[in-house]
Amino acid sequence: MKEFLEGAAAIARTVSVCRPAVIAAYPITPQTHIVEELSSLIANGKLKAEFINVESEHSAASCVLGASATGVRVYSSTSSQGLLLMTEVLFNAAGMRLPVVMCCVNRAVSAPINIWNDQQDIMVVRDAGIVLLFAETIQEACDLHIQAFKIAEDPNIMLPCIVNIDGFILSHGYEPVEIPQRELVDKFLPPYNPPYKLDVDNPLTFGPLVGPEWYLETRYAIQETLNNEVKQKIVEVADEFTKIFGRKAFGLYEEYKTDDAETIFVTLGSISGVVKEVVDELRKQNEKVGLLRIISYRPFPTEISKILLKAKRIIVLEKCISLGSKGPVFEDIVSCLYLDAYSNGNKLPFVNNYICGLGGRDVSKEEIIEAYKDKDVFKFIGVKKENLGSFI
Amino acid sequence: MFAKIILPPATALKNKTGSWRVKKRPKFLHQNCNGCRQCYLLCPEGCISGSKKEYNVDYDYCKGCGICADICPVKDIIMEEE
């Protein structure tokens, strides 16, 4: 049954049917009400879990890391500055191979203080060895949460997984959502059964001190796991999800009208909805355009080079930037296209990088269409010249 | 794929940190000890053991930091040349 729900509430209710045992969060800005909703579900007896109220995001992440090491399913949620404070612990969770599942409500990073949506925060933990999934809609955000537990907790994977949702657009937006039934979730998501855990009868050391003779292999192992086991698992889990819940799960990426496209947009997250409309509009004007939406940003689906190399032009539209270089998604796309073309002798397409929507700036269809027609290599969409000048 | 770094407990015991000591090590004189246990409680390496007025240090793990000698209220621990 579909209900008209706010994103944060829908995600909280979806997480509650996944039966997490421990949830920890720090309830202050930039926290969203995902955990607020979860804490009231626990207080009202609708979810049997331990809710740990902590004094900072660093502690929230540490609590779920420790709880995960004892062999139970854990969950937390954060956003922008909170994620940055968690960063140290998240690298630990990946290195200790603990399947912490989290939601990151993507928002801008200070300064200046700005709590609106862009995807800069998550790029800080891009290199940590965490599975990063991006949702386009509230329904997909819910569906990805269920899949995230299954991917992260696979005994051959054991890595943290963060589901990314665009701040306000998805977290505070309302949409008709189907909260998956508990019976179906139980069928899809078995109880967490870790291959190793903290146990007083059989003590173990997690995250020990290792010298140069050991550290490199820990990174090699995470890299291999992400590029092999995780990629395969994301596809398998999406197929199984589609069968059990009857709703399409796309896996690593989604293609929209790319078959004969000469220009392909590449996006992450909710802006894909706007770009789909742009694609439809441009198609009416006989422009052959399509969209490729990346769902799994880490591991990066290098398979997409097969699709993108068929096009003449690629437009990477992203809500984040690696200041002093270009957009991080652009860099990933260019490197995977180059490597594929180099080894197979394909002709490289013209790749453009447009940065948009930083700090919650609205991105209109018209602005995207204008950028499509201007054919710049790199640009910020919607820069207001009157906002720039000397320092006062 | 995993790196085999989830280990059994107490593997740090294999690493004899006493070799880190330079120049000086604590010597327990056992003359004025009043059994306050400050040396035992504050040793960052946890390598001081004993009871009542008889405390001793395990030189296999003592890094020679000198906290025990510094804290001893009756100067019953001194730092001596190795």
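Between rounded, prolate and oblate, where does the stretch A:176-325 land on the alpha carbon gyration tensor, with a ≥ b ≥ c its root eigenvalues, rounded for a/c under 1.5, else prolate if a/b exceeds b/c? Cα axes put the stretch A:176-325 in the oblate bin. Cross-link pairs exceeding 29 Å between alpha carbons, from the set A:K310/A:K375; A:K197/A:K243; A:K187/B:K4: A:K197/A:K243; A:K187/B:K4.
Of the trypsin sites (Lys or Arg not before Pro) found in the stretch A:27-74, those in coil by DSSP whose Cβ has at most 12 other Cβ atoms within 10 Å are A:K46, A:K48.
The calculated 222 nm mean residue ellipticity attributable to helices in chain A amounts to -12000 deg cm²/dmol, summing -39500 (n - 2.57) over DSSP H runs of n ≥ 4 and dividing by all residues. Solvent-free Debye calculation, one equal scatterer per alpha-carbon of chain A: log10 I(q)/I(0) at 0.09, 0.11, 0.13 Å⁻¹ equals -0.52, -0.78, -1.09. With 5 Å bins beginning at zero, the pair-distance distribution over Cα atoms of the stretch A:98-197 amounts to 3, 12, 20, 20, 19, 13, 9, 4, 1, 0 %. Among the GluC sites (Glu not before Pro) in the stretch A:1-83, those located in a DSSP loop and surrounded by at most 12 other Cβ atoms within 10 Å of their own Cβ are A:E55.
Per-residue mean of foreign Cβ neighbours for A:92-99 is 1 (Cβ atoms of other chains, 10 Å radius). If both residues of a DSSP beta bridge must be in the stretch A:2-245, then about 20% of such bridges are antiparallel.
Computed from Cα positions, the angle between helix A:328-344 and the longest principal axis of chain A comes to roughly 70 degrees. Counting only other chain Cβ atoms within 10 Å of each residue's Cβ, the peptide A:288-296 averages 0.
In a DSSP loop and with at most 13 other Cβ atoms within 10 Å, the GluC sites (Glu not before Pro) in the stretch A:217-264 are A:E262. Solvent-free Debye calculation, one equal scatterer per alpha-carbon of the stretch B:33-82: log10 I(q)/I(0) at 0.32 Å⁻¹ equals -1.53.
Relative contact order, percent, of chain A when contacts are C-alpha pairs under 8 Å separated by at least 6 residues? It comes to 15 percent, rounded to a whole number. When Cβ neighbours within 10 Å are restricted to other protein chains, what is their mean count per residue of peptide A:212-218? If you average over the peptide's residues, the count of other-chain Cβ atoms is 2. In terms of Cα atoms, the Rg and Dmax of the stretch A:190-253 work out to 17.2, 49 Å. Can you spot the aspartates and glutamates whose alpha carbon is less than 19 Å from A:K379's alpha carbon? Ignore those fewer than 8 places along the same chain. Within the straight-line cut-off, A:K379 pairs with A:D118, A:E318, A:E331, A:D332, A:D362, A:E366, A:E367, A:E370. Counting helices only, and only those DSSP H runs with n ≥ 4, report the 222 nm mean residue ellipticity of chain B as the sum of -39,500 (n - 2.57) divided by its residues, in deg cm²/dmol to the nearest 500. Estimated from H runs of four or more residues: -2500 deg cm²/dmol. With pairing defined as another cysteine C-beta under 4.7 Å, the cysteines of chain B that fail it are B:C33, B:C36, B:C43, B:C47, B:C62, B:C65, B:C72.
Among the listed pairs A:K2/A:K248; A:K312/A:K373; A:K233/A:K257; A:K276/A:K306; A:K233/A:K319; A:K347/A:K373, a Cα-Cα separation exceeding 24 Å is found for A:K233/A:K257; A:K233/A:K319.
Computed from the alpha carbon positions, the gyration tensor of the stretch A:254-387 leads to an equivalent ellipsoid with semi-axes of 22, 18, 14 Å, biggest first. Rounded to the nearest 0.05, the FRET efficiency derived from the C-beta distance between A:N387 and A:N344 at R0 = 35 Å is 0.20.
Computed from the coordinates by the stated procedures, all read-outs in this text should not be read as laboratory data. All values reported here derive from a predicted model rather than from experimental measurement. Neighbour counts are summed over all protein chains in view; Cβ atoms, including those assigned to glycine, are modelled from backbone coordinates with ideal geometry.
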